[in-house]
Amino acid sequence: MENLPDPVNVKPDNSLLLSQNPSDEGHCCAITDDAHNFIAVYVPKSEHITVDVSVFGLDGFEIYLFDPRYGVYTFLSNDNSESQFLNIAPPCGDDDFVLLLKRKFFHNSVAN
C-alpha cells in the first residue's frame with residue numbers, strides 16, 4: 001500500500017469494475033484516490049476483468065501487475081489508447097495478483 005501514488009487518501013471504489021464481480025472467494029476489490037491518480041484492483045482468482053479507465057481522461061495510464069506472494073512489480077505498458085475501459089486477462093492464469101493502473105503525468109518543459 002505504501003508504494004501507491006497517494007497511499008494516504010485511498011478509498012474503495014468497486015464501481016470502477018465493469019466486469020461481473022462474484023461475491024464468493026473470487027470477489028475483486030478496487031481502490032483509488034480522490035484525484036484518480038491510480039486504480040488498484042486485487043484479483044484473487046484467475047479471471048478476466050474490465051476496469052473503467054475514463055477517470056484518467058486523456059492523460060493516459062501505465063499498467064503494472066503486482067505479485068503479492070513475492071513482492072514483485074511487473075511493468076506491462078504505458079503505450080495504450082484506451083480512454084473508456086481496459087479489458088485484461090490474468091497473467092499466465094495466475095491467481096492472487098494486483099492490477100495497478102497509474103495516471104501518466106505530462107510535464108511541459110520550456111527550452112531556453
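The values are calculated or read from the model by the stated rules, or taken from the named source; none is laboratory data. Predicted model, so just to flag it, every value in this text is computed and none were measured. Ideal geometry is used to build each Cβ from the backbone, glycine not excepted, and the neighbour counts take in all protein chains shown. Ligands, DNA and RNA are excluded from the accessible area calculation, which covers all protein heavy atoms including side chains. Shrake-Rupley method; radii C 1.70, N 1.55, O 1.52, S 1.80 Å.
Using a probe of 1.4 Å on the protein chains alone, the accessible area found for K104 is around 50 Å².
Near V51, once Lys and Arg are set to +1 and Asp and Glu to -1 for all other residues with Cβ below 11 Å from its Cβ, the sum equals -3. Per-residue SASA remark: S46, around 50 Å² accessible (1.4 Å probe; ligands, DNA and RNA not included). Listed by chain and number, the lysines whose alpha-carbon sits under 17 Å from that of K11, ignoring those within fewer than 8 places in the same chain, are K102.
Ligands, DNA and RNA left out, the accessible area of the stretch 11-106 computed with a 1.4 Å probe is 52% carbon and sulfur. The share of C-alpha pairs in the stretch 26-75 whose separation exceeds 19 Å stands at 31 percent.
Of D95, D33, the residue with the largest accessible area leads and the full order is D95, D33 (1.4 Å probe).
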